[in-house]
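Engineer: The following block contains the structure, expressed as structure tokens.
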Number of protein chains: 4
Amino acid sequence: VTSIDINCDAGESFGRWKLGDDDRLLAHVTSVNVACGFHAGDPATMRATVAAAHARGVSIGAHPGLPDLAGFGRREMAVPPEEIYEMVLYQVGALWGIARSQRARLSHVKPHGALYNMAARDRQAARAIAGAVHDLSPELILVGLSGSELIAEGARAGLRTLSEVFADRSYEKDGSLTSRSEPGATIEDPDRAAERAVSMALKGHVASRDGSRVAVRAETICVHGDGPRAAEIAAAVSRRLREAGVVVAAPSPR
Amino acid sequence: VTSIDINCDAGESFGRWKLGDDDRLLAHVTSVNVACGFHAGDPATMRATVAAAHARGVSIGAHPGLPDLAGFGRREMAVPPEEIYEMVLYQVGALWGIARSQRARLSHVKPHGALYNMAARDRQAARAIAGAVHDLSPELILVGLSGSELIAEGARAGLRTLSEVFADRSYEKDGSLTSRSEPGATIEDPDRAAERAVSMALKGHVASRDGSRVAVRAETICVHGDGPRAAEIAAAVSRRLREAGVVVAAPSPR
Amino acid sequence: VTSIDINCDAGESFGRWKLGDDDRLLAHVTSVNVACGFHAGDPATMRATVAAAHARGVSIGAHPGLPDLAGFGRREMAVPPEEIYEMVLYQVGALWGIARSQRARLSHVKPHGALYNMAARDRQAARAIAGAVHDLSPELILVGLSGSELIAEGARAGLRTLSEVFADRSYEKDGSLTSRSEPGATIEDPDRAAERAVSMALKGHVASRDGSRVAVRAETICVHGDGPRAAEIAAAVSRRLREAGVVVAAPSPR
Amino acid sequence: VTSIDINCDAGESFGRWKLGDDDRLLAHVTSVNVACGFHAGDPATMRATVAAAHARGVSIGAHPGLPDLAGFGRREMAVPPEEIYEMVLYQVGALWGIARSQRARLSHVKPHGALYNMAARDRQAARAIAGAVHDLSPELILVGLSGSELIAEGARAGLRTLSEVFADRSYEKDGSLTSRSEPGATIEDPDRAAERAVSMALKGHVASRDGSRVAVRAETICVHGDGPRAAEIAAAVSRRLREAGVVVAAPSPR
């Protein structure tokens, strides 16, 4: 039986500014990636997000990003690997402090935005992140783009990895995600997103923007939390996967 | 035999800006309080500071502050207790992440600047800090001003506390520190600072600015790291205490 | 004939985070106060806000705040008057740069949140703000709470001032605003807000929370932009004032 | 008679952190570039820097940077041209506010660090900066690397430009500056820096790192403020240029 995790980013509010409908999304996912304060999230938001996920039995992971609130961590920055290593330690540690006070456990780490993209293709960045996660705890699971340098470096560091696919993003034929600046980069229709999720989970491939077949390894499916129909998409993906006989669950802790 | 700890703040650089001569100071203290990024410190500085302290066998503690880089955490802010609780969890957790990667242990928490002052006199703030430290780990030691609300709330929360005195700061007759905006607030002469340290450690009192006797409980002595003669003061305090028969050491972990 | 200005805060988004429905509000006000980056607003938001106001012929003012994004400038901070003076120069100047590129004019300055409250009761803070506005340009109008120190210091500095009242906030009997932490601090019903606005504009008084009569000088009426019914309130206030024969207009430039 | 300007960056302190010996440097330069708060500088530092320069009759310019305090604006960030345009308006405006309160005039704009480098080779970034400066005031002079896109775009926008050379930095044979991560990137010896300055000013060329001759247009010479011998270098450059018959002066305002 095929098993798959559904994850979403959460805790992306900051102070007075609210973003995403975390409560509705949490009903449909099995893992959340919690923003850690560098690109979004503040201690109060982190605490509330961890509490909500913990109460629902959803797996909790850290979602470290670049230090760029104004750009929401989506602008690449020329940060050397050493500092990437350090900023991952810092952010995962901060979330650990929040989780610890609630006796909640961190299960995984998934870099955010530009850091995720840098780690997908740049081996030094990928190695820095994998090293930080390993040095924090070899029990933590590293989540990265299917086929990316991050997955390769995670495996090399001896970490358990989770290859990620996207139900609501378009792919290029080389397996990379279509840039958000291109038309059609995001998929807004819940049915279409769900159909793609099932294809990726059961067949191991998905249609790229130009119609060619892209092979993917689908161990966790991301649904974005900040689109207008995010909760609907998550619900449709979850339902259709279950209907197709897939077990929807976070990886069990070792 | 009387035993006392000597502590200093460290890791107060930020990016391109360097502050304090941590290397020289570390030779003379038994504990350091490491800035955690809200008022000073960045992940790289925190990592280097932990490494230097760990290499010397100096006890490592977190020095959480208010979120105010521009004001170095020295401006009081109307932050509700709940958010104080959360920002302490966040900052101590972040330092834990850095320390964990080096297999170094955190021994204590001491709030910084305006947060320290708020916790000295405001019971709600004190309780929030003590609660956060306790919820992170009941093994952590809470450091606060001798006679303060923070020490009282730490004890009430079941934490081990360490009452702090200042060798290089002037006292008012009510036991509070003379405000930095007053003349004579800081003591620059190493001999005079050392003499006051010995008086506080052995006799339990010190002369206030107006000459009256202030009773203090001296379990740890702070020497500031950012004055021009910081290392000299630390060296003099340490030497004079040892000459007077005092054991200079961090509290041993339980 | 009585004439009154209706103002609202605008441009309170920040990066990925959107706040307020500026477009709808702009249709009903005669002046806007544009956030300048310290508590909210970023250069792109400021530019778009100025452009929208300029296109509609709405008077544009600066809304400088405390340097506290996480707290939205609503937490009081112990900032000395000298630094308040400097941060007002900086923020008004920044907005001037944005406006200048569009050949738009700045008409007024109104401090935001905690800075507004500090300036209402603390003469030193009020004097610092009035001094900064005057040193930027004696043509700028200073907006402050009716009866406040800020209005007094603005007049003393030789500035034109505009006494502000609030249609959607409850008053205490001493003329101060009911704290947001109290029940009933904000008035959500458009009709009730409009009725209060008319009373303040034509009769010069309003009912306080305990029913006593509070005298106010109403030269500009604030409607908040971040409540759920903000645009409705603004529309109702504007309509009812006009129906009552009041001229709703920004003060004309000298 | 050849005439040349000597410029240095100034006002690069931030809050508690001091950087550079502005007072000593100001005695030897004819223009200063004042940090505007995004990569360094705060309102108080900006005000003091403007006052010191104004008192000495040194020309005052804005030194806008990327929004990256932790990286001192030296890390390239993927910021779109539109946002570069806006952040230049904001920062120059902010300094204008500070200067205006002292009745000091802004003469020029020079981007800082990574923004300077991006503007040297990326036409879109260069055009955004030139456009912002022009839209603020066509009287402002735009300073950029000799031979750069920024100089070209400044001229295209109708701005007066000033081509910059570096006395204390090594050049590559293509006219770019040797990266700071390479050995020998900075020149610490005052005599050697002065000699290079004279060659650039009078002969229009300088020796690259590999000994080849690099043609430069030297209208302003930069001496860095943050090296250990910064003031000595500035003094030597200024003295040797005068001895060689060069007029050392800022460009006169039109």
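The values are calculated or read from the model by the stated rules, or taken from the named source; none is laboratory data. Please read these numbers as outputs of a predicted model, since none were measured by experiment. Quick reminder, even Gly has a Cβ in these numbers, built from the backbone with ideal geometry, and neighbours come from all protein chains shown. Protein only, heavy atoms only, side chains kept; ligands, DNA and RNA dropped before computing areas. Shrake-Rupley method; radii C 1.70, N 1.55, O 1.52, S 1.80 Å.
Engineer: Show me D:209-219, C:126-136 ranked by packing, highest mean number of other Cβ atoms within 10 Å first. If you can, show how the numbers build up before the last one.
Structural biologist: Working: D:209-219: 15.4, C:126-136: 24.5.
Going from most to least packed, we get C:126-136, D:209-219.
Engineer: Rounded to the nearest 0.05, what FRET efficiency do B:Asp23 and D:Arg213 give with R0 = 30 Å and r taken as the Cβ-Cβ distance? Could you check?
Structural biologist: 0.10
Engineer: Name the residues whose placed amide hydrogens come within less than 5 Å of the amide hydrogen of A:Ser3, ignoring near sequence neighbours (fewer than 5 apart) on the same chain.
Structural biologist: For A:Ser3, whose amide H was placed from the backbone, the distant partners under 5 Å are A:Val247.
Engineer: Taking a label point 7 Å from Cα toward Cβ, how far is D:Arg254 from its twins in the other copies, in nm, shortest first?
Structural biologist: 3.4, 7.0, 7.6
Engineer: Additional query: Where along chain B is the Cβ that lies nearest the axis linking it to chain D, and how many Å separate them?
Structural biologist: B:Trp17, 2
Engineer: Rounded to the nearest 0.05, what FRET efficiency is calculated for C:Leu202 and A:Asp174 with R0 set to 56 Å and r the Cβ-Cβ distance? Display every interim value, and only then the final one.
Structural biologist: Values: r = 70 Å, r/R0 = 1.24.
It comes out at approximately 0.20.
Engineer: If you restrict to DSSP beta bridges whose two residues both lie in chain D, what percentage is antiparallel, to the nearest 5?
Structural biologist: Numbers: 6 of 33 bridges.
Counting DSSP beta bridges with both partners in chain D, the antiparallel share is about 20 percent.
Engineer: Also, quick follow-up: Over chain B, with the other protein chains present, what is the accessible area per residue in square angstrom, probe 1.4 angstrom?
Structural biologist: Dividing the accessible area of chain B by its residue count gives 37 Å².
Engineer: What's the average, rounded to a whole number, of partner chain beta-carbon atoms within 10 Å of each residue's beta-carbon in D:99-110? List each step's numbers first, then the result.
Structural biologist: Numbers: counts 2, 7, 13, 2, 1, 0, 0, 0, 0, 0, 0, 0.
Shielding by partners across D:99-110 averages 2.
Engineer: Amide H of D:Arg160: which non-local residues (sequence gap of 5 or more, or other chain) have their own amide H closer than 5 Å, using H built in the peptide plane?
Structural biologist: Hits under the 5 Å cutoff: D:Leu142.
Engineer: Rank C:Thr45, D:Thr220 by accessible area, highest first, at a 1.4 Å probe radius? Don't skip to the answer; put the middle values down first.
Structural biologist: Working: C:Thr45 20, D:Thr220 0 Å².
The ordering from most to least exposed comes out as C:Thr45, D:Thr220.
Engineer: To the nearest 10 square angstrom, how much accessible area does B:Lys173 have with a 1.4 angstrom probe?
Structural biologist: Rounded to the nearest 10, the figure is 140 Å².
Engineer: If the reach is capped at under 29 angstrom between alpha carbons, list the lysines near D:Lys203, excluding any in the same chain fewer than eight residues apart.
Structural biologist: By straight Cα distance, D:Lys203 reaches D:Lys110, D:Lys173.
Engineer: Right, here's the next one. How big is the antiparallel share of DSSP beta bridges in the protein assembly as shown, given as a percent to the nearest 5?
Structural biologist: 20
Engineer: Shifting gears a bit: Efficiency by 1/(1 + (r/R0)^6): what FRET value for C:His54 and C:Ala78, r their Cβ-Cβ distance, R0 = 51 Å, to the nearest 0.05? It would help to have the intermediate numbers written out before the result.
Structural biologist: Values: r = 37 Å, r/R0 = 0.72.
Once rounded, the FRET efficiency stands at 0.85.
Engineer: A follow-up question, please. With N set to the residue count of chain D, report its C-alpha Rg divided by 2.2 N^0.38 Å to two decimal places. All intermediate terms of the calculation are to be shown ahead of the outcome.
Structural biologist: Working: Rg = 16.6 Å, N = 254, 2.2 N^0.38 = 18.0 Å.
Computed over Cα atoms of chain D, the ratio equals 0.92.
Engineer: Counting only protein heavy atoms and a 1.4 Å probe, tell me what percentage of chain B's accessible area is made up of carbon and sulfur.
Structural biologist: Values: 4470 of 9380 Å².
Answer for chain B is 48 percent, counting heavy atoms of protein chains only.
Engineer: At B:Ser179, label 7 Å along Cα→Cβ: distances to the other copies, nm, ascending?
Structural biologist: Label-point separations across copies, in nm and ascending: 2.2, 5.2, 5.6.
Engineer: Using a 10 Å cut-off around each Cβ of peptide D:77-88, what is the average number of partner chain Cβ atoms that fall inside?
Structural biologist: On the way: counts 9, 7, 6, 3, 0, 3, 7, 1, 4, 10, 5, 3.
The per-residue average across the peptide is 5.
Engineer: Using only atoms on other chains, find how many Cβ atoms lie within 10 Å of each Cβ of peptide A:131-141 and report the average.
Structural biologist: Values: counts 1, 4, 1, 1, 6, 5, 3, 0, 0, 0, 0.
The mean count of partner-chain Cβ atoms within 10 Å per residue comes to 2.
Engineer: Rounded to the nearest 5, what % of DSSP beta bridges with both residues in segment C:101-224 are antiparallel? Show your work: numbers first, answer last.
Structural biologist: Numbers: 5 of 15 bridges.
Once the DSSP bridges in segment C:101-224 are tallied, antiparallel ones form about 35 percent.
Engineer: Now, a different point. I'd like the accessible area for D:Glu86, computed on protein heavy atoms only with a 1.4 Å probe and all protein chains in place. Round to 10 Å², please.
Structural biologist: 10
Engineer: 7 Å along Cα→Cβ for the label point: how many nanometres lie between C:Arg213 and each equivalent label in the other copies, listed shortest first?
Structural biologist: Those separations, rounded to one decimal, come out as 6.5, 8.5, 9.2 nm.
Engineer: How big, on average over all directions, is the shadow cast by the Cα convex hull of segment C:167-254, in nm²? Walk me through the numbers on the way to the answer.
Structural biologist: Numbers: hull surface 25.0 nm².
Averaging across all directions leaves 6.2 nm² for the Cα convex hull.
Engineer: Chains D and B: buried accessible surface, both sides, probe 1.4 Å, rounded to 100 Å²? Before the final figure, lay out each step's value.
Structural biologist: Working: alone 11370 and 11360 Å², together 21520 Å².
Interface between D and B: roughly 1200 Å².
Engineer: Determine the calculated [θ] at 222 nm for chain C from helices alone, applying -39500 (n - 2.57) to every DSSP H run no shorter than 4 residues and normalising by the residue count; nearest 500 deg cm²/dmol.
Structural biologist: Values: 8 runs with 94 residues, N = 254.
One gets -11500 deg cm²/dmol as the mean residue ellipticity at 222 nm.
Engineer: Another question about this same structure. What translational diffusion coefficient, to the nearest whole µm²/s, does the protein assembly as shown have by Stokes-Einstein, given a Kirkwood radius computed over alpha-carbon pairs, a temperature of 4 °C and 1.567 mPa s viscosity?
Structural biologist: Details: Rh = 30.7 Å.
Rounded, D is 42 µm²/s.
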